[in-house]
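Inspection log for the structure reproduced underneath, given as structure tokens.
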There are 4 protein chains.
Amino acid sequence: MTVHRITPVPVTSIPRHPDRAAESHKGDYGRVLILAGSRGMAGAAALSGLGALRGGAGLVTVACPETVADVVTGIEPGLMTRPLPTTGGHLIDHRDGHWLADLDDLKPDVWAVGPGLGRSEAAQRAVQELWESCEEPAVFDADALNALADQGGDWADPPADAARVLTPHPGEFMRLLIGSDMQPEEDFEWTPENRESLATMFAREHNVVLLLKGSRTLVTDGERLFENRTGNPGMASGGCGDVLTGLIAALIGQGMEPFEAACCGAHLHGRAGDLAAAELSQPGMIASDLPRFLATAFADPGYD
Amino acid sequence: MTVHRITPVPVTSIPRHPDRAAESHKGDYGRVLILAGSRGMAGAAALSGLGALRGGAGLVTVACPETVADVVTGIEPGLMTRPLPTTGGHLIDHRDGHWLADLDDLKPDVWAVGPGLGRSEAAQRAVQELWESCEEPAVFDADALNALADQGGDWADPPADAARVLTPHPGEFMRLLIGSDMQPEEDFEWTPENRESLATMFAREHNVVLLLKGSRTLVTDGERLFENRTGNPGMASGGCGDVLTGLIAALIGQGMEPFEAACCGAHLHGRAGDLAAAELSQPGMIASDLPRFLATAFADPGYD
Amino acid sequence: MTVHRITPVPVTSIPRHPDRAAESHKGDYGRVLILAGSRGMAGAAALSGLGALRGGAGLVTVACPETVADVVTGIEPGLMTRPLPTTGGHLIDHRDGHWLADLDDLKPDVWAVGPGLGRSEAAQRAVQELWESCEEPAVFDADALNALADQGGDWADPPADAARVLTPHPGEFMRLLIGSDMQPEEDFEWTPENRESLATMFAREHNVVLLLKGSRTLVTDGERLFENRTGNPGMASGGCGDVLTGLIAALIGQGMEPFEAACCGAHLHGRAGDLAAAELSQPGMIASDLPRFLATAFADPGYD
Amino acid sequence: MTVHRITPVPVTSIPRHPDRAAESHKGDYGRVLILAGSRGMAGAAALSGLGALRGGAGLVTVACPETVADVVTGIEPGLMTRPLPTTGGHLIDHRDGHWLADLDDLKPDVWAVGPGLGRSEAAQRAVQELWESCEEPAVFDADALNALADQGGDWADPPADAARVLTPHPGEFMRLLIGSDMQPEEDFEWTPENRESLATMFAREHNVVLLLKGSRTLVTDGERLFENRTGNPGMASGGCGDVLTGLIAALIGQGMEPFEAACCGAHLHGRAGDLAAAELSQPGMIASDLPRFLATAFADPGYD
């Protein structure tokens, strides 16, 4: 499939996070279910969970290998966990591989899948089942993107109206392009224009919201295109992306439309990073600072 | 049983937490024993413990599944734990189910029961035994409320003078109403007036202090009614209620009369939430911020 | 043995902690070895360790049941641990009960023994062996005091010049008096004068430094008497004493004479509590705040 | 081998850490792999990891005994871990002792080896294999220095162009001198001049960058000599050196030449300590404060 230039509608006004009504309760802000973490990568699961909690979610549960669950709770007691069966710290299949059935009692409003998930076969199957069968909106990141890329070009369609948000960095996006049989022509150059075209085309073709990370992160649903202006290279530190994944899920859980949630999440995440860098310097700031500064970013979001 | 309007005495002056005397020691501020936590919900136990500690208790012990105890201590070293035997992370019966006998050596002045406790049969039996036999005041929350609701309408009376404080949210309150055979008439509407009437009637009928959560939390002992004015929807985040449970127990342990402790606890908890939201925004604040801001709230309680 | 009034020399000038020389290294500030902690009381071990670290020690190792060690490190990575063999979370004897031989390779300059240690027989034997055989100065607190009281009135003498500091609260002191066959006459009243006399007599009789906790903590070596003026009832919260135990050991490790270290430690500990209460309120402050405010207290010790 | 005075070129201008380019990503700031930690010394591994993260590294993985890995992540979720097989909390050989082959998939740009590693035979073999075979630059500290000293005087050469940075304190340096058959004459005195000569000669002889700790830390590559001016005796506290090890590795990972990275690291580490002491006092500051103040030091490095 060759690259065609397409011209999406630019979104210039930053979508804003919703206010909280005086008469409201936890259920109004969404149950976020995060499938993440594996042996050696428990922190990624915790950081996603913190991104969702500080992102305003009502309830956040991290489904993770049982060996990871205690670490996650120790990092943030506001996170609930669902310990999953493992072998050697990596996931094994639930009940004959029926992940959705097993996690159904948690009644999620939105999913986030992938940070630190690892690349076991069981994780691969879980991601594919979620993609194809889960009826709630879901954000796919990190190892979940690799699992999608690895499933070959013949992607099944998600259930109708079940939004899928993908948040690759450029390397993961290339793998998705190739994995979904959309690799660019051989002479394709990674220019800003081509980057926008590829992102928009991919989103339109697969009917997803694509958030393509970069110094200027792009968000597109195949029709609209948002270019984020916040953020700084101090955020090039392990785990920063995991916070974003949880944040976008939280915003969807609070009722934002998925494309707008991805735009708003990218903006607030970068804003948090800018506030962190102002206090802690670019090299000195790290991913676990972002949730705290996310709170500051909500208080002073700099939308205009 | 149909709903009758009753007119409780409104409490308009916020009951104040007691001062600490210069000549005093840990024993003067109460031993709080918290029965809480289960696999995947260790954080709830820790948050209750933190609420009790930052609420001024002299000593706080969290009795919890052994797998949860290390997580609790890791979150706050000022908490002692009593690891309880479990199967698969959930409680199993102590010594032929005699919970009180087994925990007796801890000599609690007040109990808090329920946050993250789970719904195992052993937990159910523990809650019922505490309700019926424990001679100290006890705060019942979360899964302990569900356990009470599930025991059927024929509730045993607690020992004379053993105060019981119940802290349901509206959904839990409905289950309690139904479980205690006090469901409203079919055409009952959830108006502010009916809410007050139901709460007051329930408290009077069962001889309990009822704290009914909401944007304006109510506290009643069946005679008096207090409507709390602090708090904000940023507190609609998982675990915020667990902090309140521990806090009320701590205030009882410091010598407050249970109804007044519930009123004062609701006020200070909401005040802590308002102070947290002022610094961290409503969506950005989370439950684990509350204990720290509770300290600030004590310093500037805004009682008038 | 009846109580005789004796008149110790009052110490009115607060002994000051030593400065740090520009040319110095970790070894100059002492290796503190803390024997503490048991199942359910891991936090006490960590708080003592933090008191020693923030008290200026060069190196701090917490010898504790192996199940406690990971919790301690998780709370403060600057603490080293020596995991000890246990059964069911409680200590069992080392190498045929030769505790000192087994811990010898850690080369401690000073010991702190007791916080959260529990009352197992092995712990009892460890305390007694340390009392009788350890040639370094040692601070005995909490369960170590109970172990001393339980050994009967015929106390062995420690090695010559091996200082022993005991830090009981009034209840523990009564047990020590009775255990060492020095119980007061039956009509003895707990007046301030008698309290001073008993403390001084006990210290003189047993050749120890006694720190007797209270709203005005006393320190005496049987000759001199210091009455501490800092501190507040907000410190009547579980774990505050554990921080003091570590702090005194750290000051001894930095070269202070044991009586002066106990006086200075009492002063700084109370000062930290006063600074904590000013920011966090008396009911809102907790033991784990003290190490941080101890740093502030060193910076502004208020010695005059 | 006797000591010959040599005159290195003094480096008077502090080498500065690199800026971060707007268009950059995690990979541009280096993958740091830290081999550290053992039973009872998990904190050293975590502190090194924090030093690397707050030092600006893109990705930091701590390879450590499996029992240590969860503690490390619990302290800082931005750290990834690679749990290694152990017996009794100490390392055992990987795949017939081929450490490099086993860790190869982590694709490190730079290594840091030694903090809390312990002195097991497997650790000894791992250090020697890294020294001889690892083609990336590597920082050797603490137990890794002891392992080098113990291998006898006939040191193998590292691969060409594979930089080796050694960060001993004076005691470790003496052991290295002896271990590499470079002990000073018997009448050698530890004067400032001799200290400089020995350091420079050792660095030149072994073709390493040597950072010799002290109140005025020296850095030399055998040609150049840098004397650090920051730092204070409050940093004579367990774990402070572990932070430095990670920091130097992070600076190398960001592209600094190893000698300059060691100079810059020494400066920033001392600067962080000075900022910490200003807020927390010399006795009150501890190693785990340094990573946070390292961020402040980057923001205000005081290079001139």
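The values are calculated or read from the model by the stated rules, or taken from the named source; none is laboratory data. For clarity, every value in this text was computed on a predicted model and none was experimentally measured. In this analysis, Cβ positions are derived from the backbone assuming ideal geometry, glycine residues included, and neighbour counts consider all displayed protein chains.
If I filter region C:8-28 for residues that are assigned to a helix (DSSP H, G or I) and crowded, with 24+ Cβ neighbours inside 10 Å, do I get at least one hit?
no
Determine the pairs where a residue that is within 22 Å of A:VAL9 (Cβ to Cβ), located within region A:260-280, has a partner that is at pLDDT below 95 and surrounded by fewer than 24 Cβ atoms within 10 Å (Cβ to Cβ) with Cβ atoms under 7 Å apart, the partner being 6 or more residues away or on another chain.
Correct list of pairs: empty, since none qualify.
Pick out, from region D:198-304, the strands (runs of 3 or more DSSP E) lying fully within it that include 2 or more residues that are among the charged types (D, E, K, R).
Filter on region D:198-304 gives D:224-227.
Let's see how each residue does on (1) of a type in the set (S, T, N, Q); (2) in contact with a strand residue (DSSP E or B) (Cβ under 8 Å, 6 or more places away or on another chain); (3) closer than 30 Å to D:GLU66 by Cα:
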site: A:ASP109; (1), (2), (3): no, yes, no
site: A:ASN146; (1), (2), (3): yes, no, yes
site: A:PRO159; (1), (2), (3): no, no, no
site: A:MET182; (1), (2), (3): no, no, no
site: A:ALA199; (1), (2), (3): no, yes, no
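Quick one: how many residues across region B:29-50 are more than 9 Å from every other protein chain (Cβ to nearest Cβ) and part of a loop (DSSP other than H, G, I, E, B)?
Selection size over region B:29-50: 4.
For A:GLY234, work out the one condition from (1) closer than 30 Å to D:ALA299 by Cα; (2) away from chain D (no Cβ under 14 Å) it doesn't fulfil.
Result: A:GLY234 passes all but (2).
Tell me the residue from B:LEU225, B:LEU290, B:LEU244, B:LEU275 that is closer than 18 Å to B:TRP111 by Cα and of a type outside the set (D, E, K, R), please.
Numbers: B:LEU225 fails: closer than 18 Å to B:TRP111 by Cα; B:LEU290 fails: closer than 18 Å to B:TRP111 by Cα; B:LEU275 fails: closer than 18 Å to B:TRP111 by Cα.
One residue alone meets the criteria, B:LEU244.
Somewhere in region C:197-217, is a residue of a type in the set (Lys, Arg), under 23 Å from C:TYR303 (Cα atoms) and in contact with a Gly (Cβ under 9 Å, 6 or more places away or on another chain)?
yes
Yes/no per residue for (1) closer than 22 Å to B:ASP157 by Cα; (2) without any contact (Cβ under 8 Å) to a residue 60 or more places away in the chain:
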site	(1), (2)
B:ALA44	no, no
B:ARG54	no, no
B:THR67	no, yes
B:ALA122	yes, yes
B:LEU130	yes, no
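If I filter region D:174-197 down to residues being assigned to a helix (DSSP H, G or I) and in contact with an Asp or Glu (Cβ under 9 Å, 6 or more places away or on another chain), which single residue comes out as modelled with the lowest pLDDT?
Going through the qualifying residues, I end up with D:GLY179.
Considering only residues that are part of a helix (DSSP H, G or I) and of a type in the set (Gly, Ala, Ser), look in region C:90-115 and name the one that is modelled with the highest pLDDT.
C:ALA101
Need the failing condition index for D:THR7 against (1) more than 13 Å from chain A (Cβ to nearest Cβ); (2) polar (S, T, N, Q); (3) touching a residue at least 24 places away in the same chain (Cβ under 8 Å), just the number.
D:THR7 satisfies every listed condition except (3).
Please specify each residue of region B:18-52 satisfying the condition of being in contact with a Gly (Cβ under 9 Å, 6 or more places away or on another chain), among the charged types (D, E, K, R) and farther than 21 Å from B:ALA147 by Cα.
Matches in region B:18-52: B:ARG20, B:GLU23, B:LYS26, B:ASP28, B:ARG31.
Here is a list of conditions, (1) of a type in the set (Ser, Thr, Tyr); (2) within 7 Å of chain C (Cβ to nearest Cβ); (3) under 23 Å from B:HIS269 (Cα atoms), and B:THR61 meets all of them except one; can you say which number that is?
Every listed condition holds for B:THR61 apart from (2).
Just wondering, is there one or more residues in region A:86-94 that are under 15 Å from the mean Cα position of the chain (by Cα), polar (S, T, N, Q) and over 29 Å from B:THR217 (Cβ atoms)?
Taking every residue of region A:86-94 in turn, none turns out to be under 15 Å from the mean Cα position of the chain (by Cα), polar (S, T, N, Q) and over 29 Å from B:THR217 (Cβ atoms).
Restricting attention to region D:71-83, and to residues there that are free of Cβ contacts under 8 Å to residues at least 24 places away in the same chain and crowded, with 24+ Cβ neighbours inside 10 Å, which single residue is nearest to the other protein chains (Cβ to nearest Cβ)? Quick ask: steps written out before the conclusion?
Let us first name the residues in region D:71-83 that are free of Cβ contacts under 8 Å to residues at least 24 places away in the same chain, namely D:73-74, D:77, D:80-81, D:83.
Next cut, crowded, with 24+ Cβ neighbours inside 10 Å only: D:73-74, D:77, D:80-81.
On the way: D:THR73: 5, D:GLY74: 5, D:PRO77: 3, D:MET80: 6, D:THR81: 5 Å.
Checking each candidate, the answer is D:PRO77.
Go through (1) of a type in the set (Gly, Ala, Ser); (2) free of Cβ contacts under 8 Å to residues at least 40 places away in the same chain; (3) closer than 17 Å to C:GLY246 by Cβ and name the single condition C:GLY27 misses.
With respect to (1) of a type in the set (Gly, Ala, Ser); (2) free of Cβ contacts under 8 Å to residues at least 40 places away in the same chain; (3) closer than 17 Å to C:GLY246 by Cβ, C:GLY27 is out only on (3).
State whether one or more residues within region A:146-169 are among the basic types (Lys, Arg), on the phi < 0 side of the Ramachandran plot and not in a strand (DSSP E or B).
Looking through region A:146-169, none of the residues is among the basic types (Lys, Arg), on the phi < 0 side of the Ramachandran plot and not in a strand (DSSP E or B).
For region D:116-130, which residues satisfy the criterion of being part of a helix (DSSP H, G or I) and buried (at least 24 other Cβ atoms within 10 Å of the Cβ)?
Hits for region D:116-130 are D:ALA123, D:ALA126, D:VAL127, D:LEU130.
Return the residue satisfying two criteria in turn: it lies in region A:87-98 and is more than 10 Å from every other protein chain (Cβ to nearest Cβ) and in contact (Cβ under 8 Å) with a residue 40 or more places away in the chain, and of such residues it is surrounded by the most Cβ atoms within 10 Å (Cβ to Cβ).
A:LEU91
Report, by residue number, each residue of region D:66-89 that is small (Gly, Ala, Ser) and either at pLDDT below 95 or not in a helix (DSSP H, G or I) (or both).
D:GLY78, D:GLY88, D:GLY89
Would you confirm, using the coordinates I've provided, whether B:LEU247 is in contact with a Gly (Cβ under 7 Å, 6 or more places away or on another chain) and either over 29 Å from A:VAL243 (Cβ atoms) or surrounded by fewer than 23 Cβ atoms within 10 Å (Cβ to Cβ) (or both)?
So B:LEU247 passes the test.
Of the conditions (1) under 22 Å from C:ALA276 (Cβ atoms); (2) in contact with a Gly (Cβ under 9 Å, 6 or more places away or on another chain); (3) in contact (Cβ under 8 Å) with a residue 12 or more places away in the chain, B:ALA299 clears all except one; give me its number.
Every listed condition holds for B:ALA299 apart from (3).
Mind listing just one residue for me: the one in region B:277-295 that is over 15 Å from B:ALA266 (Cα atoms) and more than 8 Å from chain A (Cβ to nearest Cβ) and, of those, surrounded by the fewest Cβ atoms within 10 Å (Cβ to Cβ)?
In this case the residue turns out to be B:ALA278.
Tell me yes or no: at least one residue of region B:209-217 is within 13 Å of chain A (Cβ to nearest Cβ), buried (at least 24 other Cβ atoms within 10 Å of the Cβ) and under 25 Å from B:VAL72 (Cα atoms).
Checked against the condition, which is being within 13 Å of chain A (Cβ to nearest Cβ), buried (at least 24 other Cβ atoms within 10 Å of the Cβ) and under 25 Å from B:VAL72 (Cα atoms), region B:209-217 yields no hits at all.
Can you find, within region C:29-70, the residue that is farthest from C:SER237 (Cα to Cα) among those that are among the basic types (Lys, Arg) and surrounded by fewer than 24 Cβ atoms within 10 Å (Cβ to Cβ)?
From region C:29-70, those among the basic types (Lys, Arg) are C:31, C:39, C:54; that's our starting set.
Of the ones still in play, those that are also surrounded by fewer than 24 Cβ atoms within 10 Å (Cβ to Cβ) are C:31, C:39.
Working: C:ARG31: 28, C:ARG39: 20 Å.
Top of the filtered list is C:ARG31.
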